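Heads up: the structure comes next, in structure tokens.
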Amino acid sequence: MSVRRSVTWSFAGQIVSSALLFLMAMAVARLLTPAEMGVFALGFATAGLINILAAVGTSAYVVREAELSSGQIDTAFTVSAILYCGLSLVIFAASFAAAAMVHEPGVGAVLRFLALRPLLLIVEFRPGALLQREMKFRPIALILVASAATNLLVTVGSAVSGASYMSMAYGTLAAGAVSALGYCIAGARHVRLRFSLSHWRTLTAFGLRLLTISGIAALVHRMSEIIMGRLLGLPALGIFTRATQIWDLIYFNLYGSVTRVIFSQLSKDYRERGDIKTTYIRGMEMLTALIWPAALGLSVLSKPAVLILFGSQWLAAAPALSLLMIALFVAVGFGMNWELFVLKDEMARQTRLEILRAVGSLGAFTAGCMFGITAAAAGRIVDCVIGFALYSPHILRLSGATAGELFRAFATSLLISLGAILPSLLLMIGNDWSASVPIAHVLGSVVAGMCVWGALVFLLRHPWRDEILRVIALVRLRLGHPGGNPMVEESDVP
């Protein structure tokens, strides 16, 4: 599958799944209290803290390797199976200690249920990793949508029936089961139950380097939530997770799906040509012009957005959401750093950078918690600024891009982003930044912003212009209309 078709399918799957998860978040916010959300959030954070060990990167190893033998695949599968089984047992054991520590039995119940999730990851590992290596993103997108739909139905259904904080645990596990089944069906030719440790040394060296990178970031993220729960209480954590959930939907879903495709192409370029500069710059142009307007727009519209999505009882999350979206804006500016360090096998260097960043990040967040959830969100901006300062020089070196090339890409995306959020900014200024702006006016400002975005994309000849024209030509081709772009081939149709 070409990069263009891969991105198309990945985008489509991510947009639909994100919409479904937004619907779930809106429904749950009206069915559960901040305290109930806090119970699940603390349990989920504890499980996430333990699951840091899963960041050994066995999937990335399978995707990255230039020549992949059956022995390497079997070794990666074996290591993953051992690891996930161990994590399942540790999470189960930790459920009793966590419940006693916070004097909340619900946290333990959530953890015991979440302990089953790593076992499902064993099932989907081999077909999932190999489908990504082959850039088969159509089935991956369909599985993502099916998983999100299952999460929505099970979570909301359980909450309506009175399952309280356990409803989200039920939804998480059900979604994992659908994901595992989907990968087994879509990648049936890759499903094998073969064990081996023939390449354990190579995989262990790769995994440990990657673990120290991804593990440190995950450790800071989960420790931050646990610290907030301890310092500010479970209701405050529940409110803060309303804001972080929107960050997660954009960063881990939209950003994550795009960079997964780009990483596959970067790996292919590096294996075949040793040059990744063009793909990286174009990827960053596409990412910033897409995510920056969304992040800045949500920052401006945070109050009405929280009121519309979650209801008035969650308005305290609006200032935190606004600041987190600014942090996201900064974070995208040094995006795909992990991919570059993995490709160039400089993970030891990145480990040192992540340690420095972690110290500053956790310190800033903890200090912020002393003053409330809004100050804690400001600590996330400090984290991203530190990350930008640390990574920018290495991104230039590893990608082969010059500062001027990236600056031009960023400047164009920033201009497009500022134009796109202008209608929303004028709306909020005109309404004295009130949360009760009519929904029709909010939607109107968003639509106007999208129109400005499109106009600037075409006026400035941004890479998104070519993609939009190609989509139009593909639609015309599908409908059998004459006058299509002769550069568009039938194989480009997703």
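The values are calculated or read from the model by the stated rules, or taken from the named source; none is laboratory data. Just so we're clear, the structure is a prediction, and the values are computed from it rather than from any experiment. All Cβ positions, glycine included, derive from the backbone under ideal geometry; neighbour counts span all protein chains shown. These area figures cover heavy atoms from the full protein model, side chains too; ligands, DNA and RNA do not enter into them. Shrake-Rupley method; radii C 1.70, N 1.55, O 1.52, S 1.80 Å.
What the table shows:
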quantity	calculated
Considering residues of region 8-27 that are among the hydrophobic types (A, V, I, L, M, F, W, C) and modelled with pLDDT under 80 only, the residue surrounded by the most Cβ atoms within 10 Å (Cβ to Cβ)	TRP9
Pair list, Cβ < 8 Å and 6+ apart or interchain, from region 128-157 residues that are at positive phi and in contact (Cβ under 8 Å) with a residue 12 or more places away in the chain to residues that are of a type in the set (Val, Ile, Thr) and open to solvent by 30 Å² or more (accessible area, probe 1.4 Å)	MET135/VAL3
Any hit, region 249-256, residues being open to solvent by 20 Å² or more (accessible area, probe 1.4 Å) and not in a helix (DSSP H, G or I)	no
Selection from region 28-44 of residues that are open to solvent by less than 30 Å² (accessible area, probe 1.4 Å) and within 19 Å of SER147 (Cβ to Cβ)	VAL28, PHE40
Per-region count, region 153-173, residues under 18 Å from the mean Cα position of the chain (by Cα) and hydrophobic (A, V, I, L, M, F, W, C)	0
Output for region 262-303, where each listed residue is aromatic (Phe, Trp, Tyr) and either under 20 Å from the mean Cα position of the chain (by Cα) or at pLDDT 85 or above (or both)	PHE263, TYR280, TRP292
Odd one out for THR241 among (1) closer than 26 Å to TRP464 by Cα; (2) open to solvent by less than 20 Å² (accessible area, probe 1.4 Å)	(1)
Subset of region 396-415 [among the small types (Gly, Ala, Ser) and more than 22 Å from GLU339 (Cα to Cα)]	ALA411
Selection within region 424-445 - open to solvent by less than 60 Å² (accessible area, probe 1.4 Å), of a type outside the set (S, T, N, Q), in contact with a helix residue (DSSP H, G or I) (Cβ under 7 Å, 6 or more places away or on another chain) and in a helix (DSSP H, G or I)	LEU425, LEU427, MET428, VAL442
Check on ARG5, among the charged types (D, E, K, R), at pLDDT 70 or above and either surrounded by 20 or more Cβ atoms within 10 Å (Cβ to Cβ) or assigned to a helix (DSSP H, G or I) (or both)	no
Conditions (1) open to solvent by 60 Å² or more (accessible area, probe 1.4 Å); (2) modelled with pLDDT under 85: number failed by VAL79	(1)
Filter result for PHE371 (outside any helix (DSSP H, G or I) and either farther than 23 Å from ALA420 by Cβ or of a type in the set (Asp, Glu) (or both))	yes
Qualifying residue in region 264-279 (condition: polar (S, T, N, Q), more than 21 Å from ILE395 (Cβ to Cβ) and open to solvent by 10 Å² or more (accessible area, probe 1.4 Å))	no
Pairs with Cβ under 8 Å, 6+ apart, first in region 77-101 and touching a residue at least 24 places away in the same chain (Cβ under 8 Å) and over 19 Å from VAL39 (Cβ atoms), second charged (D, E, K, R) and not in a helix (DSSP H, G or I)	PHE77/ARG192; PHE77/ARG194
